[in-house]
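Participant: My questions will all concern the structure given below.
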Amino acid sequence: RALLSSRKAVQRKCIDLANEIRGLFRVFGLRLPSRVDQASFDERVRPIIEADPDLSHALLPLLDARAVLFATYR
(Lines give C-alpha, C1' and ligand atoms only; values in the text may rest on other atoms or scores of the structure.)
Protein backbone atom coordinates (compact mmCIF):
# COMPACT_ATOMS: atom_id res chain seq x y z
CA ARG A 1 0.00 0.00 0.00
CA ALA A 2 2.84 2.40 0.83
CA LEU A 3 4.52 1.61 -2.50
CA LEU A 4 1.35 2.40 -4.44
CA SER A 5 0.83 5.61 -2.50
CA SER A 6 4.38 6.83 -3.09
CA ARG A 7 4.23 5.88 -6.78
CA LYS A 8 1.00 7.86 -7.16
CA ALA A 9 2.65 10.88 -5.49
CA VAL A 10 5.57 10.74 -7.94
CA GLN A 11 3.11 10.49 -10.84
CA ARG A 12 1.15 13.53 -9.59
CA LYS A 13 4.33 15.62 -9.28
CA CYS A 14 5.38 14.58 -12.78
CA ILE A 15 2.02 15.70 -14.16
CA ASP A 16 2.21 18.93 -12.12
CA LEU A 17 5.60 19.78 -13.66
CA ALA A 18 4.32 19.03 -17.17
CA ASN A 19 1.35 21.33 -16.56
CA GLU A 20 3.65 24.04 -15.20
CA ILE A 21 5.79 23.81 -18.35
CA ARG A 22 2.65 24.05 -20.51
CA GLY A 23 1.55 27.14 -18.58
CA LEU A 24 4.92 28.83 -19.00
CA PHE A 25 4.82 28.02 -22.72
CA ARG A 26 1.63 30.09 -22.92
CA VAL A 27 3.42 33.01 -21.23
CA PHE A 28 5.96 32.91 -24.06
CA GLY A 29 3.19 32.67 -26.68
CA LEU A 30 3.75 29.01 -27.50
CA ARG A 31 1.25 26.20 -27.35
CA LEU A 32 1.64 22.44 -27.22
CA PRO A 33 -0.89 20.01 -28.63
CA SER A 34 -3.46 19.03 -26.03
CA ARG A 35 -2.55 15.36 -26.36
CA VAL A 36 1.12 14.74 -25.63
CA ASP A 37 1.88 11.39 -23.98
CA GLN A 38 3.82 11.47 -20.75
CA ALA A 39 6.46 9.22 -22.33
CA SER A 40 7.01 11.45 -25.37
CA PHE A 41 6.66 14.78 -23.53
CA ASP A 42 10.42 15.32 -23.20
CA GLU A 43 11.18 14.57 -26.86
CA ARG A 44 8.44 16.91 -28.05
CA VAL A 45 9.23 19.80 -25.71
CA ARG A 46 13.04 19.80 -25.34
CA PRO A 47 13.85 20.93 -28.93
CA ILE A 48 11.42 23.86 -28.61
CA ILE A 49 12.94 24.91 -25.28
CA GLU A 50 16.56 24.59 -26.42
CA ALA A 51 15.89 26.71 -29.52
CA ASP A 52 15.16 29.80 -27.41
CA PRO A 53 17.73 31.03 -24.83
CA ASP A 54 15.06 32.69 -22.65
CA LEU A 55 13.06 29.48 -22.52
CA SER A 56 16.20 27.48 -21.79
CA HIS A 57 16.95 29.43 -18.63
CA ALA A 58 13.40 29.21 -17.37
CA LEU A 59 12.25 25.76 -18.42
CA LEU A 60 15.21 23.39 -18.78
CA PRO A 61 15.54 22.86 -15.00
CA LEU A 62 11.83 22.03 -14.81
CA LEU A 63 12.09 19.67 -17.76
CA ASP A 64 15.13 17.94 -16.27
CA ALA A 65 13.36 17.51 -12.93
CA ARG A 66 10.32 16.10 -14.71
CA ALA A 67 12.52 13.65 -16.64
CA VAL A 68 14.04 12.34 -13.39
CA LEU A 69 10.61 11.99 -11.81
CA PHE A 70 9.25 10.20 -14.86
CA ALA A 71 12.19 7.78 -14.89
CA THR A 72 11.56 7.10 -11.20
CA TYR A 73 7.88 6.58 -11.87
CA ARG A 74 8.55 4.11 -14.68
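The values are calculated or read from the model by the stated rules, or taken from the named source; none is laboratory data. Here the structure is a predicted model, which is why all the values come from computation and not from measurement. Cβ sites come from the backbone with ideal geometry, for glycine too, and all protein chains shown count toward neighbours. Just so you know, the surface numbers come from the protein's heavy atoms only, side chains and all, with ligands and any DNA or RNA stripped out. Shrake-Rupley method; radii C 1.70, N 1.55, O 1.52, S 1.80 Å.
Participant: How would region 1-44 be classified by its alpha-carbon gyration tensor: rounded, prolate or oblate, with rounded meaning a/c under 1.5 and the a/b versus b/c comparison settling the rest?
Facilitator: Here region 1-44 falls in the prolate category.
Participant: Report, in whole Å, the centroid distance computed from the Cα atoms of region 1-27 and region 29-70.
Facilitator: Between the Cα centres of region 1-27 and region 29-70 lies a distance of 14 Å.
Participant: At what distance in nm do the modelled label points of residue 20 and residue 71 sit from each other, each positioned 7 Å from its Cα along Cα→Cβ?
Facilitator: 1.9
Participant: So, one more: Assign unit charges at the C-beta atoms only (+1 for Lys and Arg, -1 for Asp and Glu), then state the dipole size of the chain relative to its Cα centre in Debye, rounded to the nearest 20.
Facilitator: Computed charge dipole of the chain: roughly 560 debye.
Participant: I've got another one for you. Pick from 53, 61, 33 the residue whose mean-square fluctuation is largest in a GNM of the chain, springs joining Cα atoms under 10 Å.
Facilitator: 33
Participant: Moving to a separate point now. Please sort through the DSSP H helices of the chain and keep those with an alpha-carbon extent of at least 30 Å along the long axis and a Kyte-Doolittle average not below -0.5.
Facilitator: The qualifying helices are 2-27.
Participant: How much of residue 20 can a 1.4 Å solvent probe reach, expressed as accessible area in Å² and rounded to 10?
Facilitator: 100
Participant: Given the -39500 (n - 2.57) contribution per DSSP H run of 4+ residues, what per-residue ellipticity at 222 nm results for the chain, rounded to the nearest 500 deg cm²/dmol?
Facilitator: It lands at -27000 deg cm²/dmol.
Participant: Of 46, 7, 35, which has the most accessible area and how do the rest follow, probe 1.4 Å?
Facilitator: Ranked list, largest accessible area first: 35, 7, 46.
Participant: To continue, here is another question. Are there any chymotrypsin sites (Phe, Trp or Tyr not before Pro) in the chain that are in a DSSP loop and have at most 16 other Cβ atoms within 10 Å? List them by number.
Facilitator: 28
Participant: Same structure, new question: Compute from the Cα atoms of the chain the Rg and the Dmax, the latter being the longest Cα-Cα distance, and quote both in angstrom.
Facilitator: My reading of the Cα-based Rg and Dmax gives 12.9, 44 Å.
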